[in-house]
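Enquirer: The structure that follows is given in the form of structure tokens.
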């Protein structure tokens, strides 16, 4: 592609972390999520949006595992979506 406007679809993934509630004394919980958006670039129309939350965890190893699992779910969601589209084109 020479430019994004030349594409049929644009796929964008975002990772956001916002402060959440303070629970259990002074422990801060965070609202972390992946958001995948698919747009039609010529009209800038949102075609699909997929959001997956990242589970909170206290220990770093668990936070890393939860991050990886949420990312894997977003990839699986995209794979399911594309499989449905391909199956629909064959019908």
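Enquirer: Quick one: 15, 34, fewest Cβ neighbours within 10 Å first, how do they rank? Walk me through the intermediate numbers first.
Expert: Details: 15 13, 34 20.
Least crowded to most crowded, the residues run 15, 34.
Enquirer: Additional query: How high is the relative contact order of the chain, in percent, counting Cα pairs under 8 Å that sit 6 or more residues apart?
Expert: So the answer I get is 20 percent.
Enquirer: Something else now. Taking springs between alpha-carbon atoms closer than 10 angstrom, which of 76, 57, 43 fluctuates most in the Gaussian network model of the chain?
Expert: 43
Enquirer: Counting helices only, and only those DSSP H runs with n ≥ 4, report the 222 nm mean residue ellipticity of the chain as the sum of -39,500 (n - 2.57) divided by its residues, in deg cm²/dmol to the nearest 500. Please report the intermediate quantities before stating the final value.
Expert: On the way: 1 runs with 31 residues, N = 91.
Mean residue ellipticity at 222 nm (helix-derived): -12500 deg cm²/dmol.
Each reported figure results from applying straightforward, stated rules to the coordinates on display, with no laboratory input. Values in this document were obtained by computation on a predicted structure and should not be read as measured data. Positions of Cβ are backbone-derived with ideal geometry, glycine not excepted, and every protein chain shown enters the neighbour counts.
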